[in-house]
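No lab work stands behind these numbers, since they all come straight from the coordinates. Quantities reported herein were computed from a predicted structural model and do not represent experimental measurements. Positions of Cβ are backbone-derived with ideal geometry, glycine not excepted, and every protein chain shown enters the neighbour counts.
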Amino acid sequence: MSKILVIEDEAAIRRVLVKILSEENSKYQVEEAEDGLAGIEKIKKEDYDLILCDIKMPKMDGVEVLEAVKKIKPEIPMVMISGHGDLDTAVNTMRLGAFDYISKPPDLNRLLNTVRNALDRKELVIENKILKKKVSKKYEMIGESDAISQIKEIIDKVAPTDARVLITGPNGTGKELVAHWLHQKSQRSKGPMIEVNCAAIPSELIESELFGHVKGAFTSANKDRAGKFEAANGGTIFLDEIGDMSLSAQAKVLRALQESRIQRVGSDKDIKVDVRVVAATNKDLKKEIEDGKFREDLYHRLAVILVKVPALNERREDIPLLISHFSKKIAEEQGTAQKSFSEKAIKLLQEYDWTGNIRELRNVVERLLILGEKEVSEKDVKLFASK
């Protein structure tokens, strides 16, 4: 049942609104408040699916109520009720976050359509939040080893800041998980998280990919195009495999970090960007600096916080937890029953040399779930998980 609050100081209009909504749909539970202050008190104590609020009221007007609700319960849609002289204010309230407005005296069809649309929007917001939680599980960090516990502690301390982070470690260790956790636990979590694999983009295209280009900047530049830094504005950009970036692109990234400004390829116009930069590499950047392949000044700009992700061979005690996690996840993805692993099978897997790290372990677990018995045994591991 949808719970609706009507905030209106004119008793006659308030009664009409309550009557229309209550009689039109038995699934609407409608409550009322005679002014803004009374409405706010109710909102603090109760959960509502929709608020209808008059604009001109004594004690606290509708704009003040809207601003207060957006602070305490921003997910509740608000429909403003405007008199003839309040139309400009009503339009302005939509810029402040109101869902819509209706005029006095309320037109029956307009009122009911607006209410239905606002309630549908609330359900969509809730579904999106649930989906976001499901998506965040994709980047769950599994493990209780000292190394993983230490990384989680660093993330909790660093994430709320805008400090740049450089994540190092071998391929397949989960460096991207650290980057996503830093974003999701930051003040920028509502903003975009843009990933760029610097190793996968040809050197002649990396600058255009990062900073965009203007029409005619090069042969195939048929129109203006924004780059990844602009797309990440207000959020986080994750520069994966930054050790593979060309020196010319490194120079432009350095300028972006120093000045919070970028220029599209082929343009001399500065574009201001508000972006947190998280980078990752499997290379020894200090060695790359010695060889003249990486800028030392860029390294120091990026490495405000260093996070080293250990190889799986360095955290073997986490392997049982990872096997259980992957077994459940793969079973859900494939719509099959989850299989268990015998103690001997797990012990044998803990003894393997995991050169491909967590990525390799996941592949082996999937293979064993498909080819192994109902309970994956030591024999299955020897048959199907051999190197």
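Extending 7 Å from the Cα toward the beta-carbon at both Ser26 and Gln187 defines two label points whose distance is 5.1 nm.
Under Stokes-Einstein, with the Kirkwood radius over Cα pairs standing in for Rh, what whole-number D in µm²/s applies to the range 163-271 at 4 °C and 1.567 mPa s?
Details: Rh = 14.7 Å.
Rounded to a whole number, D works out at 88 µm²/s.
Spin-label model, Leu205/Ser103: points 7 Å from Cα along the beta carbon direction are separated by 5.4 nm. Looking at the chain alone, DSSP beta bridges between its own residues are antiparallel in about 10 percent of cases.
Both the radius of gyration and Dmax for the range 1-87 are 12.0, 34 Å, in that order, over alpha-carbon atoms. With neighbours defined as other Cβ atoms within 10 Å of a residue's Cβ, the residues Glu41, Glu176 order from fewest to most as Glu41, Glu176.
Count the DSSP beta bridges whose two residues both fall in the range 146-310, then state the antiparallel fraction as a percent rounded to the nearest 5. Could the numbers behind the result be given before it?
Values: 4 of 22 bridges.
About 20 percent, rounded to the nearest 5.
The C-alpha atoms of the chain define a longest principal axis, and helix 62-72 lies at about 30 degrees to it. Take the alpha-carbon centre of the range 243-274, take the same for the range 72-125, and report the distance between them in whole Å. So the separation of the two Cα centres works out to 43 Å.
Here each label is just a point 7 Å from Cα along the line to Cβ, and for Gln338 and Lys379 those points are 2.6 nm apart.
With neighbours defined as other Cβ atoms within 10 Å of a residue's Cβ, the residues Val125, Val158 order from fewest to most as Val125, Val158.
Within the set Lys42/Lys104; Lys3/Lys152; Lys308/Lys339; Lys45/Lys185; Lys185/Lys283; Lys185/Lys344, which residue pairs have Cα atoms separated by over 30 Å?
Details: Lys42/Lys104 24 Å; Lys3/Lys152 40 Å; Lys308/Lys339 33 Å; Lys45/Lys185 28 Å; Lys185/Lys283 27 Å; Lys185/Lys344 38 Å.
Result: Lys3/Lys152; Lys308/Lys339; Lys185/Lys344 exceed 30 Å.
Based on alpha carbons, the Rg and Dmax found for the range 233-387 are 22.0, 65 Å. What separates the Cα centres of the range 22-66 and the range 138-172 is a distance of 44 Å. The fewest-to-most ranking of Lys328, Lys269 by surrounding Cβ atoms within 10 Å reads Lys269, Lys328. Measuring r between the beta carbons of Lys347 and Ala226 and using R0 = 51 Å, the FRET efficiency lands at 0.45. The helix-only estimate of mean residue ellipticity at 222 nm for the chain, built from DSSP H runs of length n ≥ 4 each weighted as -39500 (n - 2.57), is -14000 deg cm²/dmol after division by the residue total. Taking Val63, Val365, Val309 in turn, the Gaussian network model of the chain (Cα-Cα springs below 10 Å) assigns the largest fluctuation to Val63. Between Asp120, Asp274, Asp244, the Gaussian network model of the chain with springs among Cα atoms under 10 angstrom shows the greatest mean-square fluctuation at Asp120.
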